[in-house]
1. How many of the residues making up the range 453-472 are touching a residue at least 24 places away in the same chain (Cβ under 8 Å) and more than 32 Å from the chain's Cα centre (by Cα)?
2. I'd like to know if the range 389-409 contains one or more residues that are touching a helix residue (DSSP H, G or I) at 6+ places or on another chain (Cβ under 6 Å), part of a helix (DSSP H, G or I), at pLDDT 95 or above and closer than 25 Å to residue 518 by Cβ.
3. Could you tell me which numbered condition residue 520 fails, if it satisfies all but one of (1) assigned to a loop (DSSP other than H, G, I, E, B); (2) farther than 22 Å from residue 277 by Cα; (3) in contact with a helix residue (DSSP H, G or I) (Cβ under 9 Å, 6 or more places away or on another chain)?
4. Which of the residues belonging to the range 523-534 are in a helix (DSSP H, G or I) and crowded, with 18+ Cβ neighbours inside 10 Å?
5. Is one or more of the residues making up the range 536-544 assigned to a strand (DSSP E or B), within 21 Å of residue 290 (Cα to Cα) and either free of Cβ contacts under 8 Å to residues at least 24 places away in the same chain or under 27 Å from the mean Cα position of the chain (by Cα) (or both)?
6. When the residues of the range 374-388 are filtered to those that are part of a loop (DSSP other than H, G, I, E, B) and touching a strand residue (DSSP E or B) at 6+ places or on another chain (Cβ under 7 Å), which remaining residue is farthest from residue 510 (Cα to Cα)?
7. Please specify each residue of the range 177-190 satisfying the condition of being assigned to a helix (DSSP H, G or I) and either in contact (Cβ under 8 Å) with a residue 40 or more places away in the chain or on the phi > 0 side of the Ramachandran plot (or both).
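The values are calculated or read from the model by the stated rules, or taken from the named source; none is laboratory data. Since this is a predicted model, take the numbers as computed values, not measurements. Cβ placement follows ideal geometry from the backbone for every residue including glycine, while neighbour counts extend to all protein chains displayed.
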């Protein structure tokens with residue numbers, strides 16, 4: 001018996017040695033491919049050793065690699081090298097993208113590549129050495145190949161390799177690993193993989209390769225939307241908008257019709273977040289003008305953008321349509337040709353002239369095509385303004401970051417608007433600012449703003465203390481952002497000074513909103529809360545003076561200002577005070593629509609003055625926030641944000657279900673053009689009372 005066991009062990013050892021000897025190139029490919037994929041997870045989500053992701057990635061590495069055996073041994077190197085280069089590009093792109101967006105890249109971004117040419121500086125600012133380490137892996141593979149060339153390996157393999165057999169065996173092993181991945185997945189895992197709302201979770205559970213393949217399928221899905229999934233999407237849309245709950249928060253309130261007949265101008269404040277309004281350095285507020293405008297108007301202090309990969313364009317879309325961004329790709333580049341109900345369109349029906357203004361090129365985010373489709377009559381973009389275009393001159397204050405500075409831009413906006421008012425009875429416009437866009441590195445152009453801090457430093461031996469001043473924020477990511485925002489606030493203040501001094505705009509309401517957060521990491525933000533002046537480093541969580549700033553605080557800190565302001569004295573008295581109900585970008589259209597006397601019957605948001613405390617804001621990744629909690633979809637956990645809040649047993653379950661339904665219906669409207677195709681069906685059902 002012992003001899004049989006020894007013989008069996010020797011046979012296994014012989015087979016292993018023989019396999020290694022005759023598959024050195026393939027084994028090298030597998031090891032190098034897996035090393036790169038593991039490092040991506042390690043450097044991004046800090047989960048290099050996830051067994052589930054490892055098995056899934058290994059399965060696909062084997063499946064893809066198995067076809068290399070169908071190539072003659074002398075040409076296998078080329079096949080495996082091409083695969084490794086594709087993996088390398090995937091790893092580099094996702095590593096950089098995660099640094100910038102705390103998520104993973106989508107093929108949908110390929111459609112928007114042309115829209116990012118003027119913002120690539122933001123990406124270059126964030127590139128780290130670890131983002132480029134993946135270049136080494138194909139190089140290592142090349143060196144091993146050169147070493148094998150110096151031996152008789154390839155000639156030997158051309159005689160002994162059984163390519164078809166090895167392909168089938170490797171394919172089978174890969175399929176077994178992949179089967180294990182899917183067999184052990186839960187219903188929630190499948191749901192998140194299919195919906196692709198939470199990319200971090202998908203990569204953590206299914207690995208980067210399966211995520212990317214799934215994303216490719218998701219990206220191509222819109223191309224076949226007329227052939228697949230339409231009936232199910234249409235049924236979901238009809239059921240949602242004919243349900244008994246849909247009209248629950250409709251009706252009039254104290255603000256109904258208050259703005260009928262008034263002009264409306266939206267001011268899209270690039271990168272302005274609400275926490276800036278609470279910052280003061282040496283007696284000077286970071287955003288004194290925004291603070292003043294908020295105190296003079298109606299200020300929504302608990303307001304959240306709902307952006308995805310389309311960032312600023314997503315905000316424009318959600319604000320004007322009350323729909324969420326698309327689940328894959330950006331609406332402005334992939335789904336712009338649908339029939340949407342928008343604020344400009346509805347106001348045009350009431351005789352309004354509509355326009356948009358921006359200091360950047362009209363081609364950015366495909367606005368030249370999209371804005372007319374949204375209902376804008378005229379666009380005033382980069383070519384409409386005169387300024388010094390020498391971007392290399394550090395003393396040129398007319399050019400900051402991506403183009404014309406906000407101060408120079410606003411200076412020329414006012415006379416254009418005065419002319420618009422003189423020629424039109426009513427108008428609605430959107431003004432998009434530019435200077436406060438990342439990267440925030442134009443310190444010499446932002447003007448002076450003293451962010452220094454004075455503290456007391458004592459000698460432990462003598463006990464003598466002295467005051468020390470430090471400008472520790474200068475040069476940090478958050479410090480540079482504050483300086484840029486202070487400049488943007490100054491430009492905004494000058495604009496409203498022009499407005500107040502003008503004889504026009506007495507019949508005009510301005511709606512100011514921050515478009516999205518600026519993608520600073522939690523660690524970068526911590527410099528505001530937990531910087532240790534003594535050590536020059538961030539405090540540890542064990543420090544008794546450490547201020548808790550967890551992932552939930554960081555997400556909640558991404559809210560932005562929403563302000564309704566007018567210089568009309570009588571109207572201003574009716575539009576004052578702070579509104580602290582939680583509110584999303586998709587609530588703007590229903591809220592203002594009620595004030596303006598227009599209605600979008602297919603809005604996903606609500607009039608905040610009707611829904612009030614019952615409101616909840618759904619984010620494209622499946623997270624949501626209410627007045628009571630912030631829910632993290634990827635972790636299925638939440639944080640109570642209202643002290644003493646009592647939650648019913650089904651509070652979370654109900655909201656999770658509603659969140660998934662909202663995301664499903666909103667995306668179906670976009671992908672399948674359901675307002676155009678099924679809108680009349682909904683109207684007929686509601687009119688018939690069925």
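1. Here is the first cut: in the range 453-472, the residues touching a residue at least 24 places away in the same chain (Cβ under 8 Å) are 453, 455, 457, 468, 470, 472.
Going one step further and asking which of them are more than 32 Å from the chain's Cα centre (by Cα), we end up with 453, 455, 457, 468, 470.
So the answer is 5.
2. Scanning the range 389-409 turns up at least one residue that is touching a helix residue (DSSP H, G or I) at 6+ places or on another chain (Cβ under 6 Å), part of a helix (DSSP H, G or I), at pLDDT 95 or above and closer than 25 Å to residue 518 by Cβ.
3. (2)
4. Just the residues of the range 523-534 that are in a helix (DSSP H, G or I), to begin with: 523-528.
Matches in the range 523-534: 525, 526, 528.
5. Going residue by residue through the range 536-544, those that are assigned to a strand (DSSP E or B) are 537-538.
Going one step further and asking which of them are within 21 Å of residue 290 (Cα to Cα), we end up with none.
Within the range 536-544, none of the residues are assigned to a strand (DSSP E or B), within 21 Å of residue 290 (Cα to Cα) and either free of Cβ contacts under 8 Å to residues at least 24 places away in the same chain or under 27 Å from the mean Cα position of the chain (by Cα) (or both).
6. Of the range 374-388, the ones part of a loop (DSSP other than H, G, I, E, B) are 375-377, 381, 385-388.
Going one step further and asking which of them are touching a strand residue (DSSP E or B) at 6+ places or on another chain (Cβ under 7 Å), we end up with 375-377, 381, 385, 387-388.
Values: 375: 19, 376: 17, 377: 19, 381: 20, 385: 22, 387: 26, 388: 29 Å.
Of everything passing the filter in the range 374-388, 388 is farthest from residue 510 (Cα to Cα).
7. Taking the range 177-190 and keeping what is assigned to a helix (DSSP H, G or I), we get 177-183, 187-190.
Across the range 177-190, the qualifying residues are 177, 178, 180, 181, 188.
Here is a yes/no grid of residues against (1) more than 30 Å from residue 242 (Cα to Cα); (2) not assigned by TED's automatic domain parsing to the domain that holds residue 254:
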{"position": "536", "(1), (2)": "yes, yes"}
{"position": "541", "(1), (2)": "yes, yes"}
{"position": "559", "(1), (2)": "yes, no"}
{"position": "575", "(1), (2)": "yes, no"}
{"position": "584", "(1), (2)": "no, no"}
{"position": "605", "(1), (2)": "no, no"}
{"position": "620", "(1), (2)": "no, no"}
